[in-house]
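Novice: Dropping a structure here in structure tokens format, bear with me for questions.
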Amino acid sequence: MKRWKKWIIAGLVVLVAAAGAVWAFSSREAAPPERLTLTETPFVQVVSATGRLVPARTVQVQSLVTGRLLTLPYEEGDQVNTGSVLATLDDGDARQRLAESRSGLTLAQARARSLSELMVPVTQEELRQLALNREQLELTLQRQEVLYAQGAIPLEPLEETRSQLALLDSRIRSAEVSLASRRSGGAEAAEVAATVNQARSSLETLERELEKYTLTAPFDGIVLERLAEPGELMQPGTVLLVLAADDGFYAEVDLDERSMGLIQTGQPARLWPEAFPSREVAARVASIAPRVNAETGTVRVRLALEEQADFLIQDLTIQAEIEVRALERALLLPAAYLWQEEPAVVLTAVDGVVEERRLSRVEWVSLNQLLVLEGLSPGEVVIDPQAGVAPGDAVTLPPPPAEEGGGEQ
């Protein structure tokens, strides 16, 4: 009997507990669904990308002539200054050609001086003597003609003098032609001047050629790569060194082509080197590549750094954020509040009844957030679709807190 009493008492306790649970459950009011009251808030939209730092200006130092490399004093990482001798090549043959050209110029100049300082004066003096001789011979001819007319001399002396006078006139004409040719502007003078100019031009060409055997730095910078060693035979176009100027760096990032409608030159950006994540550097969009990489579906964007830092080095991996839009007042909606994604639909309450609201214009600004452009207004309430309500359900929403911020639940 005692055992049965225990079982009866235990059963009564269970029934009382179950009745109490049912009464408590039935008397409890249904909890209101989670909701979001939309408020306007400042919003900055960014596009993120990964890239690398690239020198703002680089140059390949190439051999300009054929020759054996004699010196290459700089190693990778060495600093160079404008005009520093970067490399020298064997210039023995070039110097020999230069010496021969100098000799040719000296001979041409000597001939030009001989023509103007010696031959022209000599020809002038010869012409003066010939003119005096002609005057004398002309007087002799005149006397002989008088004597011959008087019958004092035979014809032969007169004819001889006339022949001498004709020969002298021929010599005078020849001397005049020579003098005109040797003076400035004459044929012989022009030929000699042309020879001098040609020799001088050849010398200048060889002097410039000789300069090519010594390579100097075009700017202050740093050696990025050393690609040759002394003793090697260089050909024109062979790269010896790669230099980067001290102009700093720019960042190159590859953006998904779907983001190209948001990117414009001049937009502000920020970047952080992965090696120094706490070091932010200001930048700006400098240029956008004119084509899409067909293999990766990306577009290369160049960011100009607006400040330099000693921790920035070539090929440093960086994370970049480009500010593509800044709004003082924006309606932002967490993606979790979407009842339907395409088209975008949310749940709202109108007069205590759940309704669907289609958002006519939205933009995804991140993986979990939308910018509402049309379809909702500040102060409207959006119901969490996970609250277990559906369109047409009756719902009671409590009034929003007195100071409910945008995006708060």
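The values are calculated or read from the model by the stated rules, or taken from the named source; none is laboratory data. In this text, all values refer to a predicted model and were calculated from it rather than measured experimentally. All Cβ positions, glycine included, derive from the backbone under ideal geometry; neighbour counts span all protein chains shown. SASA here: full protein model, heavy atoms, side chains in, ligands and nucleic acids out. Shrake-Rupley method; radii C 1.70, N 1.55, O 1.52, S 1.80 Å.
Novice: Taking the Cα centre of the chain as origin, work out the dipole magnitude from +1 charges on Lys and Arg Cβ and -1 charges on Asp and Glu Cβ, in debye rounded to 20. Could you put the intermediate results ahead of the total?
Specialist: Details: 38 positive and 60 negative charges, 159 e Å.
The dipole magnitude comes to about 760 debye.
Novice: Going by Cα centres, the stretch 65-92 and the stretch 143-182 are how many Å apart?
Specialist: Cα centroid to Cα centroid, the span is 76 Å.
Novice: Using amide H atoms built in the peptide plane, which far-off residues or other-chain residues are under 5 Å from residue 325 H to H?
Specialist: For residue 325, the qualifying residues are 45.
Novice: From the phi angles alone, apply the Karplus equation (6.51, -1.76, 1.60; θ = phi - 60°) to the stretch 357-373 and give each ³J(HN,Hα) in whole Hz, x where the residue is Gly or Pro.
Specialist: Each residue of the stretch 357-373 in turn: 10, 7, 8, 5, 9, 9, 9, 6, 9, 6, 5, 10, 8, 10, 9, 8, 9 Hz.
Novice: Once you have the Cα-Cα distance between residue 48 and residue 184, take 0.36 nm times their residue separation minus that, and quote the gain in nm to one decimal.
Specialist: Details: separation 136, 0.36 × 136 = 48.96 nm, distance 7.67 nm.
Gain on stretching residue 48 to residue 184: 41.3 nm.
Novice: Same structure, new question: Roughly what angle does helix 187-211 make with the longest principal axis of the chain, taking Cα atoms, 0 to 90 degrees, to the nearest 10?
Specialist: 30 degrees
Novice: Sticking with this structure for a sec: What does the accessible area per residue of the chain come to in Å², with a 1.4 Å probe and no ligands, DNA or RNA counted? Walk me through the numbers on the way to the answer.
Specialist: Working: 25090 Å² over 409 residues.
Value for the chain: 61 Å² per residue.
Novice: Kindly provide the helix-only [θ] at 222 nm of the chain, computed as the sum of -39,500 (n - 2.57) over DSSP H runs of four or more divided by all residues, to the nearest 500 deg cm²/dmol? Please report the intermediate quantities before stating the final value.
Specialist: Details: 5 runs with 133 residues, N = 409.
Only helices count here, giving -11500 deg cm²/dmol.
Novice: Okay, moving on. At 0.36 nm per residue, and after removing the present C-alpha to C-alpha distance, how many nm does the segment from residue 176 to residue 191 gain when stretched out fully? Write down the numbers at each step before the final one.
Specialist: Working: separation 15, 0.36 × 15 = 5.40 nm, distance 1.83 nm.
Stretched out fully, the residue 176 to residue 191 stretch lengthens by 3.6 nm.
Novice: Over the stretch 61-150, what percent of the accessible surface lies on carbon and sulfur atoms, probe 1.4 Å?
Specialist: Values: 2890 of 5630 Å².
Whole-percent figure for carbon plus sulfur exposure: 51.
Novice: Further, regarding this structure: Roughly how big is the stretch 243-363's charge dipole about its Cα centre, with Cβ charges of +1 (Lys, Arg) and -1 (Asp, Glu), in debye to the nearest 20? The partial results should precede the final answer.
Specialist: Working: 12 positive and 22 negative charges, 78 e Å.
Magnitude of the dipole: close to 380 debye.
Novice: A further question follows. By how many nm would the segment from residue 232 to residue 59 lengthen if fully extended, with 0.36 nm per residue of separation less the alpha-carbon distance?
Specialist: On the way: separation 173, 0.36 × 173 = 62.28 nm, distance 2.12 nm.
Contour length minus the Cα-Cα distance gives 60.2 nm.
Novice: Could you check how much of the accessible area of the stretch 296-349 is carbon and sulfur, as a whole percent, using a 1.4 Å probe?
Specialist: Numbers: 1170 of 2670 Å².
Summing carbon and sulfur atoms, their accessible area is 44 percent of the total for the stretch 296-349.
Novice: When Rg/Rh (Cα atoms, Kirkwood Rh) is calculated directly from the model, which label among (i) 1.02; (ii) 1.55; (iii) 0.97 fits?
Specialist: Comparing each candidate, only (ii) matches the computed number.
Novice: Karplus couplings for the stretch 262-277 from phi (6.51 cos²θ - 1.76 cosθ + 1.60, θ = phi - 60°), rounded to Hz, Gly and Pro as x?
Specialist: 9, 8, 9, 5, x, 5, x, 8, 10, 9, 10, x, 4, 6, 9, x
Novice: Could you tell me which of 175, 66, 249 has its Cα farthest along the dipole of the chain towards the positive end, charges placed at Cβ (Lys, Arg +1; Asp, Glu -1), taken about the Cα centre?
Specialist: Result: 249, furthest along the dipole toward the positive end.
Novice: With just the Cα atoms defining each centre, how far is the stretch 98-139 from the stretch 215-275? Give it in Å.
Specialist: The stretch 98-139 and the stretch 215-275 have Cα centres spaced 64 Å from each other.
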